[in-house]
Amino acid sequence: MHRPLLLATLLATALTCSPSFAQQAVPHSPGQPYAAGNLADRIVLTPGADAATQLAISFRTDVQQGTAQLEFGPALARPQLTAKAQPRSGQTRRVDAENGPSNYHQVRLEQLTPDTAYVYRVKGSAGWSEWHQFRTARQTFAPFTFLYLGDTQNDILAVASRTIRQALRSVARPALVVHAGDLVASRDELAHDDEWGEWNQAGGWAYAAIPQLVAAGNHEYIDTLLADGRESRTLSEHFPAQFALPRNGAEGVAETSYVSDYQGVRFVVLDGTSALDLGTLGNQTRWLENALKTSQATWNVVVMHQPIYTCARPEDTEELKAAWQPLLERYNVDLVLQGHDHCYSRLTHAAGRDATRQAQQANQPIGPVYLVSVTGSKMYGLNDRAHTQPDRSAEDTQLFQTIAVEQNRLSVRTYTADDRLYDAFDIQRDAKGNKYLHEPKLEKQAERFCNADRGPDGLPCSARDK
């Protein structure tokens, strides 16, 4: 038996023999040993506030590795990478989870040289990881492409991983991966720690080499009861341990709201769950306005989990819409990337797709384009508006997006998990700064809807009403 499997088996045996565990049995992923080992795992690269000079690395080890140790240096063509590598240290926190105790480590890299390739490796109690290589962003604008992924949440390794890997294969060199929240379920079929193990395994080495820009969804929170019996939410300890984010966000929401500038694009990440359920809407609203007002970026992209306009839920997210949409319009945000609804929606005009066509025919400028997408297996049925309000929608469909950034154009392409083009549009900007929606004449699939109990592939519809 391999050592990791042996360790996981011994741990599972010890836990299941415990009387307290027997009373609170938690299902685990069959055959997947996600206990921390003596070599580092769950290695994730995240962008800093300025991705040209700042990035951060998080990783997990067993508790025998008590400190955050990393070797870091310039990428070389020769194999002796240690020749110019230097030690770096960081912060360590212990997490006691269903698979036993572990240490999560974070090392922040500062004062990097823009547009430069670097390598790093991280230390576990038994030795070093493989070398990972990344490149910093340029200091000024330059074209690049990034990926956008909606909720993974359920069946992460079994089903969602296919979409993630097809997305990574579809673009030769994605500079960044954006996740719109609900990376895991946190309270459904699996132990939380197993879900995070699956999430990391789904992306593998790519998460350690390509910066991951993540939003927190409602499933990154754990339902809790306050002393007075009221229900509340607490951010899962895995999230701040797993991601070394810039921590430059709104007051009281430092672990889940932030700004990251990447090569001419300002990404503003919000926490809708905290705003709706934990009383931080006012702080985030004031912070959002400042982040947009002070932006010098060529393009501005807002990432949030709960959508302003829903495609599955009966009602829009009215509190967020009232507080945040006026700012998105006033400060000319270009794209709003969202999740939560487990369907697809591309919305330009709240009045509906007919209004979009009329605006295109009249050559009228547009405001933000609102996208909702889903990566994983859980599907929700479309609401009544979703057939006429979005420019394009879909249900019972796994998707990923590629977004090519140019000086005066954002080219957004949506693909189904079987790597077929589903939606395509460009946001084009003229010399005066006005933006127009252009839909290139590309061969796309017909819109994918369920018809009663029959899904778009001729099989039973898996989307359920929300």
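Just so it is clear, none of the values below were taken in a lab; they were calculated from the coordinates. All of these numbers come straight from a predicted model, not from anything done at the bench. Neighbour counts are summed over all protein chains in view; Cβ atoms, including those assigned to glycine, are modelled from backbone coordinates with ideal geometry.
Summary table below
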{"item": "N408-T116 pseudo-label distance in nm [points 7 Å out on the Cα-to-Cβ vector]", "result": "3.4 nm"}
{"item": "Proximal charge balance of L226 [Cβ under 13 Å; K/R count +1, D/E count -1]", "result": "-2"}
{"item": "Within the chain, percent of DSSP bridges classed antiparallel, to nearest 5", "result": "75 percent"}
{"item": "Approximate spin-label separation D430-A126, in nm, with each point projected 7 Å along Cα-to-Cβ", "result": "6.4 nm"}
{"item": "Helix-only CD estimate at 222 nm, as mean residue ellipticity for the chain, using -39500 (n - 2.57) per DSSP H run (n ≥ 4)", "result": "-5500 deg cm²/dmol"}
{"item": "Inter-label distance, nm, simple model (7 Å from Cα along the C-beta direction), F141/D453", "result": "5.4 nm"}
{"item": "Cross-link partners of K293 among aspartates and glutamates (Cα-Cα below 15 Å; sequence separation of 8 or more within a chain)", "result": "D261, E329, D334"}
{"item": "Residues of the range 103-122 with amide N under 20 Å of a point placed 7 Å along Cα→Cβ from A75", "result": "108-122"}
{"item": "Net charge contributed by nearby residues that have their C-beta within less than 13 Å of G48 (K/R +1, D/E -1)", "result": "-1"}
{"item": "Local electrostatic count, S260, Cβ distance below 10 Å [Lys/Arg +1, Asp/Glu -1]", "result": "-1"}
{"item": "Computed E for E289/E255 - FRET, C-beta separation, R0 30 angstrom, nearest 0.05", "result": "0.90"}
{"item": "Under 28 Å from the Cα of K84 - lysines, other chains or at least 8 residues apart", "result": "K123"}
{"item": "Residue (of W287, V177, N200) at the positive-pole extreme of the chain, dipole from beta-carbon charges", "result": "V177"}
{"item": "Total charge dipole magnitude, the chain, about the Cα centre, Cβ charges on Lys, Arg, Asp, Glu only, Debye to nearest 20", "result": "1580 debye"}
{"item": "Length added when fully stretched, D96-W205, from 0.36 nm per residue minus Cα-Cα", "result": "36.8 nm"}
{"item": "Sequence-distant aspartates and glutamates (8 or more away, or on other chains) whose Cα lies within less than 20 Å of K444", "result": "D354, D391, E395, D396, D418, D419, D423, D426, D457"}
{"item": "Antiparallel %, DSSP beta bridges [both residues in the range 157-256], to 5", "result": "60 percent"}
{"item": "R464-Q296 FRET efficiency (beta carbon distance; Förster radius 60 Å; 0.05 resolution)", "result": "0.85"}
{"item": "Whole-Å distance, taken between Cα centres, linking the range 50-128 and the range 187-204", "result": "22 Å"}
